[in-house]
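Chemist: Encoded as structure tokens, here's the structure I'll be asking about.
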């Protein structure tokens, strides 16, 4: 029989804290680690003695529940959670995360009720249920398939005591189905459940044994011998009935409805520790004992990689079809998928086994690519055969360029890792292997070298290449199982399956099609900017009174601070700081810093875009093929590289001129630009449920004008462009957690005035303030925040004693649900629009995505239909409490279309 452990996490945390309350554990960094230590100690004991197959830790949300509605004084006598314990909760969540132990919280219900509901469901599904909790309330749930495992102490030793139906009778004197009646009479001082005054445990036990359930006890109150008890049973009968309601553990909590997703017991299957992550945490907390316990010798896992000959391809293809899945990894000549040639293909069908098909090795032997394409191509194009890989977008583009139309790439280990740890910078396969499998891989530098001595993979002998590449494919196959379990445990699988993986296909299409850029226009522009730079140089020399190297920070520092005697803003280890922030401060003092700022901006745009873009034009296609990256930003937004489109300034004249270089390919096409309007503020309205904010969007008013009216006490017709600008700064500043100091800097006002403006904003939009407080409370408790679609961002510094680090984490906590939901929204929209275009047989191509904006290359005859289609899908991508709106533009170039 399968066995599931349901753990009362809140109670275990309290127990852990109070176990060390008189003698807390403080590590060398001054952190109180008592609560996490006790918590881990109890869990590891559970793992040692019971080896759980299924488990979940359930926590209270800390907010009022239905019991408070019935009885406002419920738990009113409880003291506030101790400060050091509250500060430790994110550590506990972090540890559970690394242990791969699922965690559950349900708004409006206590952990007891969630456990009760899961216990009933699990028992009904044939599980043996073990509830890990010390509270005797849980005894009411004990039955043929349900037991309670109580942490107890025998001297200094902690023990786990298993209580079944007979055990309940021994301890309380009544069977499980009479526990509620007993508690209804005695009450519960710790939860402020009143019970019946004057009825203690012995009296209650006698009454229940004599008459049965509470109703029978109350019905027989007139024959109770002791007068005070007799009178109180009559006088406090309703209070006793209320008490029974309060102590009754619910077994019908609508968990799926509360979480907004289906919940299967299978997601509580324990999948093993993430040992490297757990080791890191234990090192940080200085838990040496636990570190020794979980540290295991690194296992050496050999992969048997067979070099495939031409005649063996058919058998591999047959096996892949029969089992319905395989992992794939390509070896190529370039990291640019639009220029790469295939050198080899590695495949893995089962753990410990891999195949390598050499295709383009200089020394051979090779299998002709046409033969590989003919035999393996149908498998790679079969949607019924699931393909797994690392950075599958790259492989799909390379295969597509080589005559294969891949389908069924359903799992990308790099994207899975990113969703699990979006702030992490390392999603490379060797890092994932070490982190999740405890396995060190052969670095590619051992095969091809590095730096000037680096050689092409095509020069690597086949046998060496096979060992390296085969391991890649086999590790992907193993990782898929582990990462899939992690995604399910953290409720990230819907985001992975329905948004991120479908988006891969969209990005493949966008990158392969590319965007037309006018190289001649940019070359002319480069000459013009060069002339402007020369003119600026001469002006700088004239103001400085001498010629010097403008790009030398030392020489510029000498001119500014020693010759011109401007105030020193900041120093570095090597001298004066002359970075942008310093020059912006000094620009109000002297014209030289202003001119240097202009010079730097011009020079940077020239080198980064004006001169670089023509070099990025692919000679075969005549287009630029930007790379869109899914696994870079912590918020979930896409980034781009070669070129980085996000950094092209739109507010400067030169930035706009650069956008003008992105053009429609010919006179038969136009560019369609569709941009979400004020999307982050609309999302804020939805998340905060602020009535005033929602009303503005429902009534189609301008949010910045409406905010200006409220902030500055003027009617709409008297809102000037300056007042609207200030209101806009405040609106967006609130989303980014801007402080009075930051707002004062932005608006050029005093900190006191800025504080007054922020207070006024919250008076106008009180729901936003409540949302911020609610979000921060949840972040401090859980250690992470989520978007509307469940994307997580972990905030390890949210309870830091370092004020700057903590405040940064708080700003991030406020902003991430908003910005991250905006990222989710445009990704959903991209997938929906792309599918509609494909299904409708349109020739229109989505070519660019920047911030909240999508750009399409549209045949003129499709323009009206496509415009309506795109607007419909983008505005309907998510259902919010306010309408989602887009701005639409059309032109022959990007600047014209965006205007």
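Chemist: So how do 524, 333 line up by other beta-carbon neighbours within 10 Å, fewest first? Before the final figure, lay out each step's value.
Modeler: Details: 524 12, 333 16.
Fewest to most other Cβ atoms nearby, the residues stand as 524, 333.
Chemist: Using a ≥ b ≥ c from the Cα gyration tensor of region 304-490 (square roots of the eigenvalues), is it rounded, prolate or oblate, where a/c under 1.5 gives rounded and otherwise the larger of a/b and b/c decides, a/b for prolate?
Modeler: On the way: a/c = 1.57, a/b = 1.15, b/c = 1.36.
Oblate is the answer for region 304-490, as a/c is 1.5 or above yet b/c matches or exceeds a/b.
Chemist: Full-extension gain between residue 481 and residue 51, please, as 0.36 nm times their residue separation minus the C-alpha to C-alpha distance. Before the final figure, lay out each step's value.
Modeler: Values: separation 430, 0.36 × 430 = 154.80 nm, distance 2.02 nm.
So the extension gain works out to 152.8 nm.
Chemist: FRET efficiency for residue 773 and residue 629, Cβ-Cβ distance as r, R0 = 35 Å, nearest 0.05? Write out the running numbers ahead of the final one.
Modeler: Numbers: r = 34 Å, r/R0 = 0.98.
Computed FRET efficiency for residue 773 and residue 629: 0.55.
Chemist: Note the listed values [x] 49.7; [y] 46.4; [z] 60.1, then indicate which one is mean projected area of the Cα convex hull in nm² calculated from this particular structure.
Modeler: Calculated mean projected area of the Cα convex hull in nm²: the matching label is [y].
Chemist: Please figure out what share of the DSSP beta bridges in the chain is antiparallel and state it in percent, rounded to the nearest 5.
Modeler: Roughly 70 percent of the beta bridges in the chain run antiparallel, per DSSP.
Chemist: A further question on this structure: Where the convex hull is taken over the Cα atoms of region 705-840, what is its projected area averaged over directions, in nm²?
Modeler: Numbers: hull surface 44.3 nm².
Hull-based average projected area comes out at 11.1 nm².
Chemist: Along Cα→Cβ, 7 Å out, is where each label goes; now give me the distance between the ones at residue 887 and residue 283 in nm to one decimal.
Modeler: Computed distance between label sites residue 887 and residue 283 equals 4.9 nm.
Chemist: Just how far, in whole angstrom, is region 19-43 from region 531-563 if you go by their alpha carbon centroids?
Modeler: For region 531-563 versus region 19-43, the Cα centre distance is 59 Å.
Chemist: In addition: Could you please rank 305, 892, placing first whichever residue has the fewest other Cβ atoms within 10 Å of its Cβ? Working shown, then result.
Modeler: On the way: 305 24, 892 15.
The fewest-first ordering by Cβ neighbours comes to 892, 305.
Chemist: Could I ask something else about it? Classify region 691-764 as rounded, prolate or oblate, taking a ≥ b ≥ c as the square roots of the eigenvalues of its Cα gyration tensor: rounded when a/c is under 1.5, otherwise prolate if a/b is larger than b/c and oblate if not. Mind dumping the intermediate values first?
Modeler: Numbers: a/c = 1.98, a/b = 1.49, b/c = 1.32.
Prolate.
Chemist: Mind jotting down the distance between the C-alpha centroids of region 324-338 and region 657-721, whole Å?
Modeler: Region 657-721 and region 324-338 have Cα centres spaced 42 Å from each other.
Chemist: Share of Cα-Cα pairs in region 132-283 beyond 28 Å, in percent? List each step's numbers first, then the result.
Modeler: Working: 4389 of 11476 pairs.
Result for the distance tail: 38 percent.
Chemist: OK, next. By how many nm would the segment from residue 431 to residue 230 lengthen if fully extended, with 0.36 nm per residue of separation less the alpha-carbon distance?
Modeler: Working: separation 201, 0.36 × 201 = 72.36 nm, distance 7.11 nm.
Here the segment from residue 431 to residue 230 would lengthen by 65.3 nm.
Chemist: Measuring from label point to label point, each 7 Å out along Cα→Cβ, what is the residue 219 to residue 44 span in nm?
Modeler: 5.5 nm
Chemist: Given an 8 Å cut-off on Cα distances and at least 6 residues of separation, report the relative contact order of region 519-616 as a percent. Present the calculation step by step, with values, prior to reporting the outcome.
Modeler: Working: 77 pairs, mean separation 35.4, N = 98.
For region 519-616, the relative contact order is 36 percent.
Chemist: Can you give the angle from 0 to 90° between the axis of helix 751-764 and the longest principal axis of the chain, with both taken from C-alpha atoms, to the nearest 10?
Modeler: 60 degrees
Chemist: By how many degrees, between 0 and 90 and to the nearest 10, does the Cα long axis of helix 201-211 differ from the longest principal axis of the chain?
Modeler: Computed tilt is about 70 degrees.
Chemist: I would also like to ask the following. With each run of n ≥ 4 DSSP H residues scored as -39500 (n - 2.57), what mean residue ellipticity at 222 nm is computed for the chain after dividing by its residue count and rounding to the nearest 500 deg cm²/dmol?
Modeler: On the way: 38 runs with 432 residues, N = 899.
Roughly -14500 deg cm²/dmol at 222 nm, from the helical runs in the chain.
Chemist: Given the C-alpha centroids of region 440-458 and region 119-182, what is the distance between them in whole angstrom?
Modeler: Each part's Cα centre sits 59 Å from the other's.
Chemist: Nearest 10 degrees, 0 to 90: what angle lies between the long axis of helix 803-839 and the longest principal axis of the chain (Cα atoms)?
Modeler: 70 degrees
Chemist: Computed FRET efficiency, Cβ-Cβ of residue 801 and residue 584, R0 35 Å: what is it to the nearest 0.05? Could you put the intermediate results ahead of the total?
Modeler: Details: r = 32 Å, r/R0 = 0.91.
Calculated value: 0.65.
Chemist: While we're here: Looking only at region 594-608, which residues have a backbone nitrogen under 12 Å from a spot 7 Å from the Cα of residue 533 in the C-beta direction?
Modeler: 599-608
Chemist: Separate question: Just subtract the alpha-carbon distance of residue 607 and residue 259 from 0.36 nm times their residue separation and send over the number in nm, one decimal. Let's see the in-between values first.
Modeler: Values: separation 348, 0.36 × 348 = 125.28 nm, distance 4.98 nm.
In short, 120.3 nm is gained.
Chemist: Would you mind computing, in nm to one decimal, how far apart the modelled labels at residue 18 and residue 554 are, each placed 7 Å from Cα along Cα→Cβ?
Modeler: Going by the 7 Å Cα→Cβ label model, 6.6 nm.
Chemist: What FRET efficiency would be calculated for the residue pair residue 170, residue 245, taking the C-beta separation as r and a Förster radius of 30 Å, to the nearest 0.05?
Modeler: Numbers: r = 27 Å, r/R0 = 0.91.
Working from the Cβ atoms, E equals 0.65.
Chemist: If a/c stays under 1.5 just call it rounded; otherwise compare a/b with b/c (prolate if a/b is bigger, oblate if not). Do that for region 387-470, with a ≥ b ≥ c from the square roots of the Cα gyration tensor eigenvalues.
Modeler: Working: a/c = 1.90, a/b = 1.12, b/c = 1.69.
Oblate, because a/c is 1.5 or more while a/b does not exceed b/c.
Chemist: Among 369, 834, 894, which comes first, second and so on when ranked by fewest other beta-carbon atoms within 10 Å?
Modeler: Exposure proxy ranking, most exposed first: 369, 834, 894.
Chemist: Please tell me the relative contact order of the chain in percent, rounded to the nearest whole number, where contacts are Cα pairs under 8 Å and at least six residues apart. Provide the component values of the computation, followed by the final result.
Modeler: Numbers: 1440 pairs, mean separation 86.4, N = 899.
10 percent.
Every number here is computed from the coordinates shown, using simple stated rules; none is lab data. Since the model is a prediction, treat every value here as computed from it, not as a measurement. Counting neighbours? That spans all protein chains shown, and the Cβs are built from the backbone with ideal geometry, glycine included.
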